[in-house]
Amino acid sequence: MSTQPARTQPVRSPQTEQGVRAVHQENTLAQKAYRLVRERILKGDYPPGAALSRRRLADEFGMSLLPVAEALQRLVNDGLLESRPRVGTRVRTPSRDEVKDRYLLREALESQSARLFAERATPKDKAEILRMAKHLDHLYACCDGSDTDHEFRLSVRVYHVKFHLRVAEIGGCALLRQSIEREQDLLFSWLSDTAAQVHPLPQRYHSELAEALCSGDILVADEAIRQHIRYALDELLKIAYQPNGTRWRMAPKSAR
């Protein structure tokens, strides 16, 4: 029989317990603020250039300034916001060169995703992607005018992101999928300001991409995704910038 004394758990003082609970609450509130502001950016409620007031957000969310400040800093780190001395915090407004650089990065990431998909996708995976692409083409065909409901356009863009992330998931590299998702979030926030002006997509636009991905040919899949992303970049540049201009043409406004 062991003669060693039983281990006892350290006893926390009431002050320590209170401090731990306070830190946990602040972390929870910061996560809530992060989620709410991020959702509004991606939905287009806070478009590029919109100014965000920490105090106004804190009042609206029913919390102190500290968790709101933490949430906004996290969104700055994500690239969705920018903060400057004596200017404040705003939804990031991209320059023409930054948009081009981001799409170049997206092309590099998704071309690798397409290659992995072409190598590893099973017949079941291919059938799923073909179904998703056909449905996506149908959804975009319904967005045939600027009067289309904003919430419907949002749901279409969400499904579009889901399609690209599913291709990456099937490719089997979790880190690559995570990187693609981060870039999609940033591009999503920019596209929210221009969605109603996007020209109709070519017929079977995503179905043709899916067929190339499902061909099993790495080079065919690679070229198809590159052309897909370059087309999207060209369309965004036409809409968001004046001809040969470098400044975002959408008028910034304060967050509602």
For the subset of the stretch 94-121 comprising residues that are of a type in the set (A, V, I, L, M, F, W, C) and in contact (Cβ under 8 Å) with a residue 12 or more places away in the chain, which member is farthest from Ile239 (Cα to Cα)?
Ala121
Exclusive hit being over 30 Å from Tyr241 (Cα atoms), in contact with a Gly (Cβ under 8 Å, 6 or more places away or on another chain) and not small (Gly, Ala, Ser), set Leu116, Leu130, Leu57, Leu52
Leu116
Checking Leu233 against (1) closer than 18 Å to Ser95 by Cβ; (2) in contact with a helix residue (DSSP H, G or I) (Cβ under 6 Å, 6 or more places away or on another chain); (3) modelled with pLDDT under 75; (4) assigned by TED's automatic domain parsing to the domain that holds Arg106, which test does it fail?
(3)
Among the residues listed as Leu130, Leu139, the single one being at pLDDT below 95 and outside any loop (DSSP other than H, G, I, E, B):
Leu139
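Matching residues to (1) surrounded by 17 or more Cβ atoms within 10 Å (Cβ to Cβ); (2) over 22 Å from the mean Cα position of the chain (by Cα); (3) under 24 Å from Ile180 (Cβ atoms); (4) without any contact (Cβ under 8 Å) to a residue 24 or more places away in the chain:
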{"residue": "Gly44", "(1), (2), (3), (4)": "yes, no, yes, no"}
{"residue": "Ala50", "(1), (2), (3), (4)": "yes, no, no, no"}
{"residue": "Arg55", "(1), (2), (3), (4)": "no, yes, no, yes"}
{"residue": "Met63", "(1), (2), (3), (4)": "yes, yes, no, no"}
{"residue": "Leu66", "(1), (2), (3), (4)": "no, yes, no, no"}
{"residue": "Leu72", "(1), (2), (3), (4)": "yes, no, no, no"}
{"residue": "Leu75", "(1), (2), (3), (4)": "yes, no, yes, no"}
{"residue": "Leu80", "(1), (2), (3), (4)": "yes, no, yes, no"}
{"residue": "Ser83", "(1), (2), (3), (4)": "no, no, no, yes"}
Residues in the stretch 116-127 that are in a helix (DSSP H, G or I) and crowded, with 18+ Cβ neighbours inside 10 Å total 5
Under 7 Å between Cβ atoms, which residue pairs at least 6 apart in sequence (or on different chains) link something in the stretch 145-162 that is more than 18 Å from His135 (Cα to Cα) with a partner that is at pLDDT below 85 and of a type outside the set (Ser, Thr, Tyr)?
Ser146/Ala196; Ser146/Gln197
Exception for His164 within (1) under 23 Å from Ile239 (Cα atoms); (2) surrounded by fewer than 16 Cβ atoms within 10 Å (Cβ to Cβ); (3) modelled with pLDDT of 95 or more falls at (2)
Would you confirm whether or not the stretch 30-41 contains a residue that is surrounded by fewer than 19 Cβ atoms within 10 Å (Cβ to Cβ), in a loop (DSSP other than H, G, I, E, B) and not assigned by TED's automatic domain parsing to the domain that holds Ala224?
no
Enumeration of residues in the stretch 62-85 that are touching a helix residue (DSSP H, G or I) at 6+ places or on another chain (Cβ under 9 Å), part of a helix (DSSP H, G or I) and either at pLDDT below 90 or under 16 Å from Ala50 (Cβ atoms) (or both)
Val68, Ala71, Leu72, Leu75, Asp78
Within the bounds of the stretch 2-9, is there any residue that is modelled with pLDDT of 85 or more and assigned to a loop (DSSP other than H, G, I, E, B)?
no
Leu36: within 29 Å of Cys173 (Cβ to Cβ) and within 15 Å of the chain's Cα centre (by Cα), yes or no?
no
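The values are calculated or read from the model by the stated rules, or taken from the named source; none is laboratory data. From a predicted model like this one, the values you see are computed outputs, not experimental measurements. Quick reminder, even Gly has a Cβ in these numbers, built from the backbone with ideal geometry, and neighbours come from all protein chains shown.
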